[in-house]
Amino acid sequence: MSESLNPTPPAVPDVPVADYAADAAPEANSYVPPKWRTEPRFPDGPAPDPAGSHHERRIRSFQPRRSRVTTGQGEALKRLWGTWGLDIDGHRVLDLDELFGGLPVVLEIGFGMGEATAQMAAADPGTGILAADVHTPGQGNLLALAERGGMTNVRVANGDAIILLREMLPPDSLAGIRVYFPDPWPKARHHKRRLIQPDFLTLAATRLAPGAVLHCATDWEPYAEQMLEVLTAHPDFENTQPDGGYSPRPGFRPLTRFEGQGLDKGHLVHDLLFRRTEN
């Protein structure tokens with residue numbers, strides 16, 4: 001992932017003073033944020049902090065990270081962001097019909113480098129994929145893959161998916177939600193950071209059309225057990241599996257490189273497909 005959506009200023013600035021001294025405040029000891037937190041790396045591309053650090057303070061389910069953007073990824077961001085990209089700023093409600101030309105829309109939360117997303121978009125051009133992440137290299141890579149494959153049914157959303165769901169998507173507007181291999185936060189003290197929690201499910205249910213499916217996949221056994229428990233207990237969802245257990249991997253979900261590495265290590269991958277009830 002890329003820039004932090006809710007950064008906490010460090011006690012000591014983490015870039016050389018020479019990089020920003022000219023813009024410093026008059027107070028000798030005042031803190032000046034590093035430029036990468038306040039200036040976009042791509043002026044016409046994804047914003048480093050689209051909703052604003054002041055927007056809210058809450059536990060996040062993702063850990064932002066910075067990594068190098070390749071030349072190809074950067075060029076795709078510069079060339080395509082204005083057409084196929086959008087910032088999750090929380091300032092407007094999206095018109096999905098306009099954005100996707102009337103296609104049914106599935107939200108994918110966390111797409112990594114976008115290979116699986118691109119494969120699904122190519123295999124199902126009649127479905128729009130709104131792919132949300134904060135990892136700038138992945139955003140550029142997915143845009144490049146979509147352009148290369150002529151996949152016009154992909155839109156890349158930059159920012160926090162919770163803000164996207166809560167403030168920018170109309171009720172009952174999604175044909176599905178996909179959460180593939182989210183951060184498992186394996187340490188017990190970090191379990192509160194896991195995305196699949198009752199509050200998230202309640203919010204997701206309000207944006208899914210009745211009968212639409214929430215599809216989760218993980219290779220972390222304890223997280224799979226938690227997902228199954230909270231989804232089974234939630235009144236707005238019902239398991240698509242008659243036996244109430246995990247689902248076989250559906251053919252439309254590609255076997256990703258990440259997943260293959262996990263399988264090589266002996267990890268078990270679990271898919272969960274739960275349908276929003278008619279309530």
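Points worth noting:
- Sequence of Val269, Val179 when ordered by accessible area, the most exposed leading, probe 1.4 angstrom: Val269, Val179
- Measuring with a 1.4 angstrom probe and ignoring ligands and nucleic acids, Asp95 comes out at about 80 Å² accessible.
- Accessible-area ranking of Arg249, Arg155, largest first, probe 1.4 Å: Arg249, Arg155
- For region 192-279, the dipole from Cβ point charges (+1 on Lys and Arg, -1 on Asp and Glu) about the Cα centre works out to 360 debye, to the nearest 20.
- Accessible-area order (highest first, 1.4 angstrom probe) of the listed residues Ile196, Ile162: Ile162, Ile196
- Computed over protein heavy atoms with a 1.4 Å probe, the carbon and sulfur contribution to the accessible area of region 191-279 reaches 54%.
- Put a dot 7 Å past the Cα of Asp124, heading toward its Cβ, do the same for Thr70, and the two dots end up 2.7 nm apart.
- Put a plus charge on the Cβ of each Lys and Arg, a minus charge on the Cβ of each Asp and Glu, and nothing anywhere else: the dipole of region 125-279 about its Cα centre is then about 360 debye.
- Karplus (6.51, -1.76, 1.60) ³J(HN,Hα), θ = phi - 60°, over region 133-147, in Hz, Gly and Pro reported as x: 6, 10, 8, 4, x, x, 4, x, 5, 5, 4, 5, 5, 5, 5
- Amide H contacts of Glu108 (H built 1.01 Å from N, under 5 Å, at least 5 apart or other chain): Leu130, Ala131, Ala132, Arg178
- 13 Å beta-carbon shell around Asp124, net charge (K/R +1, D/E -1): +1
- Loop-located trypsin sites (Lys or Arg not before Pro) across region 202-265 with a Cβ neighbour count of 10 or fewer within 10 Å are Lys265, with loop assigned by DSSP.
- For the pair Lys78 and Asp97, the difference between a 0.36 nm per residue extended length and the Cα-Cα distance amounts to 4.4 nm.
- Counted charge near Gly85, where neighbours are those whose Cβ lies closer than 10 Å (Asp, Glu -1; Lys, Arg +1): -1
- Label-point gap, in nm, between His191 and Leu255 - each point 7 angstrom along Cα→Cβ: 3.2
- Remark on Asp172: its backbone amide H falls under 5 Å from those of Arg207, Leu208, a criterion applied only to residues 5 or more positions apart or on other chains, H modelled at 1.01 Å from N.
- Computed over region 158-210, relative contact order equals 56 percent, with contacts defined as Cα pairs under 8 Å that lie 6+ residues apart.
- With all protein chains modelled, accessible area of Met120 [1.4 Å, Å²]: 10
- Stretched out straight at 0.36 nm per residue, the stretch from Arg166 to Thr152 would grow longer than its current Cα-Cα span by 2.5 nm.
The values are calculated or read from the model by the stated rules, or taken from the named source; none is laboratory data. Since we're looking at a predicted model, the values are computed, not measured. Counting neighbours? That spans all protein chains shown, and the Cβs are built from the backbone with ideal geometry, glycine included. Just the protein is used for accessible areas: all its heavy atoms, side chains included, with ligands, DNA and RNA removed. Shrake-Rupley method; radii C 1.70, N 1.55, O 1.52, S 1.80 Å.
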